[in-house]
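What follows draws every value from the coordinates through simple rules; no lab data is involved. Note that this is a predicted model, so its numbers are computed, not measured. Note that we place each Cβ from the backbone using ideal geometry, even for glycine, and neighbour counts take in every protein chain shown.
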Amino acid sequence: MKIESLSVLRGLASVCIALTCALGVTTITACVNPASGGSTPGTVRVNPQDGLNYVWISPGTYTMGCSPGDSECARNESPSHSVTISKGFWMGQTEVTVGAYKRFAQATGRTMPSGPGWAQDNLPMVYVIGDDARSYCTWAGGRLPTEAEWEYAARAGTQTRYYFGNDAALLGDYAWYDRNSGDVAHPVGQKKPKAWGLFDMLGNVWEWCQDWYGGYSSQAVTDPQGPSSGSSRILRGGSWSNGAWSARVSYRGGSIGFGPGFGGNLVGFRCVREVIP
């Protein structure tokens, strides 16, 4: 086929290349979303800034909050409501590791937080206060996930208590929690990943979200950001010290006591980016 013309069409959401053949009747248009780099769901790329793997999460709509039939749901997990994530994003495949945080500390002239010695680079980074987690993600070219993005990525199209189903007996295959952790955090990525290729979204360490803690509404929303102010930030996912109840996908930590200056040995984080070069 002889190409008679080629034009590049640029819009807010995509870049399209239109090809018209010599017959003048066939136009082939290929579009690439610059935020995704043309990626398919589950694509993995290395973030050149922090050296960690990130997974592409495509946009979509889901039901956020208490899963159907979940008798353990707390009041703050309701009402369930429709949420649309209008833009895809790259999410850290694992929690930020000690090794990655060391690179951040060296690049920014910071000292490592008081902690266990930081000898094992593949452990999840803990003892990081919320404000420092936000600073790390900014340095890494991104930000903390919103609570809605976190649950959307964790659910991966499911509506069950856990992202693998409803059977708590299987939780040990996917998460470190109080019954299998030996009361310590474990190196990232050792358990089974969820359907979209993310590890340790449940258990191991709690994960900071960017939202201030607040209640839910039954109204359908698009790209919710949480309250504009507050005293506590949202934590998600449970930890090695908590029971199966906290590893439910809808469980919300942060109702009291988790202000941006809080940090401890149960709390870590992962970042998201809109673009990875």
Per-selection Rg to Rh, the stretch 135-214 - Cα, Kirkwood hydrodynamic radius:
0.98
Placing one identical point scatterer on every Cα of the stretch 172-277 and ignoring solvent, what is log10 I(q)/I(0) from the Debye formula at q = 0.13, 0.15, 0.20 Å⁻¹?
-0.52, -0.69, -1.10
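How much length would be gained if the chain were fully extended between residue 84 and residue 218, taking 0.36 nm per residue of separation minus their Cα-Cα distance, in nm to one decimal?
On the way: separation 134, 0.36 × 134 = 48.24 nm, distance 1.35 nm.
Length gained, residue 84 through residue 218: 46.9 nm.
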Over all directions, what mean area does the Cα convex hull of the stretch 92-231 project, stated in square nanometres?
9.9 nm²
Restrict the search to the stretch 100-203; then list the GluC sites (Glu not before Pro) that DSSP places in a loop and that have at most 10 other Cβ atoms within 10 Å of their Cβ.
none
Got a sec to turn the phi values of the stretch 53-61 into Karplus ³J(HN,Hα) couplings, 6.51 cos²θ - 1.76 cosθ + 1.60 with θ = phi - 60°, whole Hz, x for Gly and Pro?
6, 10, 10, 6, 10, 6, x, x, 10
Output the direction-averaged projected area (hull surface divided by four) of the convex hull of the alpha-carbon atoms of the stretch 35-273, in nm².
11.8 nm²
Per principal axis, largest first, the Cα atoms of the stretch 119-178 extend in Å by 38, 30, 16
